[in-house]
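Q: My questions will all concern the structure given below.
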Amino acid sequence: MASAATPGIRPSNPNFSSGPCAKRPGFTLDALAGAFLGRSHRAAEPKARLAEVITLSRSILGMPADWRLGIVPGSDTGAVETALWSMLGARGVDIVTFESFGEGWATDIVKHLKLADARVLSAPYGKLPDLASVDPARDVVFPWNGTTSGVRVPNADWIAANRQGLAICDATSAAFAMALAWDRLDVVTWSWQKVLGGEAAHGMLALSPRAGERLESYTPAWPLPKLFRLTTKGKVAEGIFKGETINTPSMLCVEDAVDGLRWAERIGGLPALIARSEANLAAIAAWVARSEWAGFLADDPATRSCTSICLKIVAPWFTALPADGQAKAAKQLAAQLEQQDVAYDIGAYRDAPPGLRIWGGATVETADIAALLPWLDWAAACVAESFTAAK
């Protein structure tokens, strides 16, 4: 099957997974030597390290001074669901979905919270719904970047500056790689495992003053699990936003998160992180423009993600296959690359159309993306030969 000659250069780092993502360039386990292992997270030094995660994150992201930022359990999922369970229900809500995680938030809101006044504004993979139809009198829940679709919102101009509702944004694969419009947002969430290559299980929850007001003026009709409680006696639990976590964090993961943030600061902060991610997208875009078999899942260049870069296979031999044949061929293509140790975990998400998903976040070197591209052509040629010979 592999009759084509293999390319001569391999990526130095074959980790292109969309989560957990590649560690920062030059990372070794020595970076974790200062971790406060075996210490209580409530002791002064470990608590200071938790606070450093918050302080560095705020600084690098350019978060407004009057926003709160805290560390919460459950990765980005925990952060989003904490916001949904704590704040929704005060008014109607619009849910913007264009990939699997947005659909998951819609399921939470409609089927579990059972909010009667909920509108789902959806679009198929590769596209965005009509953002102009979002009602500023209602809350809105949306992902800034669709991790499983490779589609991002081009800006936040569609969110009204004088909105009455809250704008709740899942930014897990956007934070640190895209410029977030803080003035148009009220809740922003992300996890450590994405753009800065941290370890999973911890989430970040950022709240605007308007979100804080919602927490103190509204009590949900449903019981809140302890892990979702952001208030004490009707007031925001300020300790959460100073490093006093709701449950016990991993101090090893905390040390790793600090290492990633310090690296981001050293290389030039948010502008440098964005530039690295955009360079990765540009390298793939130049290759796609020449490719006879690959295309972007996101048709509109303005909405293409620079982190979760999703590709579809457009070659006639592939599009002529039935759905199960396309799924098999795409999996075989990804498996070829993994067998050669040139790219791990780049198959499309299980709910997405068959294809490839290449992580291009800031910890990925553009030189590794460039080295990967000829291997994509090689693997595609091998799989095409296999499927056409089988006819």
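The values are calculated or read from the model by the stated rules, or taken from the named source; none is laboratory data. None of these values were measured; they are calculated from a predicted model. Cβ: placed from backbone, ideal geometry, glycine included. Neighbour counts: every protein chain shown. Just the protein is used for accessible areas: all its heavy atoms, side chains included, with ligands, DNA and RNA removed. Shrake-Rupley method; radii C 1.70, N 1.55, O 1.52, S 1.80 Å.
Q: May I ask you to derive the relative contact order of the chain, considering only C-alpha pairs under 8 Å and at least 6 residues apart, and to give it as an integer percent? Don't jump to the answer; show the numbers that get you there.
A: Working: 766 pairs, mean separation 101.9, N = 391.
The value is 26 percent.
Q: Here's something else I'd like to know. What FRET efficiency comes out for T6 versus S122 if R0 is 51 angstrom and r is the Cβ-Cβ distance? Round to the nearest 0.05. Provide the component values of the computation, followed by the final result.
A: Working: r = 42 Å, r/R0 = 0.82.
Result of the calculation: an efficiency of 0.75.
Q: Give me the angle, in degrees from 0 to 90, between the Cα long axis of helix 269-290 and the longest principal axis of the Cα atoms of the chain, rounded to the nearest 10.
A: For helix 269-290, the angle is close to 30 degrees.
Q: Still on this structure: Answer rounded, prolate or oblate for region 74-175, using the Cα gyration tensor with square roots of eigenvalues a ≥ b ≥ c: rounded when a/c is under 1.5, else prolate when a/b is larger than b/c, else oblate.
A: Rounded is the answer for region 74-175, as its axis ratio a/c remains below 1.5.
Q: Count the net charge of all other residues whose Cβ sits under 12 Å from the Cβ of E244, scoring Lys and Arg as +1 and Asp and Glu as -1.
A: +2
Q: Averaging over every viewing direction, what projected area does the convex hull of the Cα atoms of region 1-115 cover, in nm²? Spell out each step's value before the answer.
A: Working: hull surface 55.8 nm².
If you wrap the Cα atoms of region 1-115 in a convex hull and average its projections, you get 14.0 nm².
Q: Just for the Cα atoms in the chain, what are the lengths along the principal axes, largest first, rounded to whole Å?
A: The principal-axis extents, from largest down, are 70, 50, 32 Å.
Q: May I ask you to derive the relative contact order of region 42-198, considering only C-alpha pairs under 8 Å and at least 6 residues apart, and to give it as an integer percent?
A: 21 percent.
Q: Considering only DSSP beta bridges where both residues belong to the chain, give the percentage that are antiparallel (nearest 5).
A: About 60 percent, rounded to the nearest 5.
Q: Taking only Cα atoms and a 10 Å spring cutoff, compute GNM fluctuations for the chain and point out the largest among A371, A156, A323.
A: Top of the fluctuation ranking is A323.
Q: Let me ask something else about it. Using only Cα positions of region 289-348, each an equal point scatterer, no hydration layer, compute I(q)/I(0) via Debye at q = 0.13, 0.16, 0.17 Å⁻¹ and quote the log10 values to two decimals.
A: Computed log10 I(q)/I(0) values: -0.39, -0.59, -0.67.
Q: Thinking of region 209-335 as a set of Cα atoms, what percent of all their pairs are more than 20 Å apart?
A: Result: 69 percent of Cα pairs exceed 20 Å.
Q: Treat each spin label as a single point 7 Å out from the Cα along the C-beta direction, and report the D341 to A181 distance in nm.
A: 4.7 nm
Q: Follow-up question, since we're still on this one. Grab the DSSP H runs of the chain that are 4 residues or longer, score each as -39,500 (n - 2.57), total them, divide by all residues and round the 222 nm result to the nearest 500 deg cm²/dmol.
A: That comes out to -11000 deg cm²/dmol.
Q: Once the principal axes of the Cα atoms of region 4-63 are found, what is the range along each, listed largest first in whole angstroms?
A: 59, 32, 18
Q: Okay, moving on. Which one, A90, I109, S133, is farthest towards the positive end of the dipole of region 72-138 when Lys and Arg carry +1 and Asp and Glu -1 on their Cβ?
A: A90
Q: Now for a separate question. On average over all directions, what projected area in square nanometres does region 192-267 have, based on the convex hull of its Cα atoms?
A: Mean projected area for region 192-267: 6.3 nm², to one decimal.
Q: Let me ask something else. Using a 1.4 Å probe, what is the accessible area per residue for the chain, in Å²?
A: That works out to 40 Å² per residue.
Q: Tell me the net charge near D345. Cut-off is 11 Å between Cβ atoms, D345 excluded, with +1 for each Lys or Arg and -1 for each Asp or Glu.
A: On the way: positive: R357; negative: E338.
That works out to 0.
Q: Treating only the Cα positions of region 107-223 as identical point scatterers, give the base-10 log of I(q)/I(0) from the Debye formula at each q in 0.21 Å⁻¹.
A: The calculated log intensity ratios at q = 0.21 Å⁻¹ are -1.44.
Q: Still on this model: What number comes out for the charge environment of S133, summing +1 per Lys or Arg and -1 per Asp or Glu over other residues with Cβ under 15 Å away?
A: Surrounding charge for S133 is -1.
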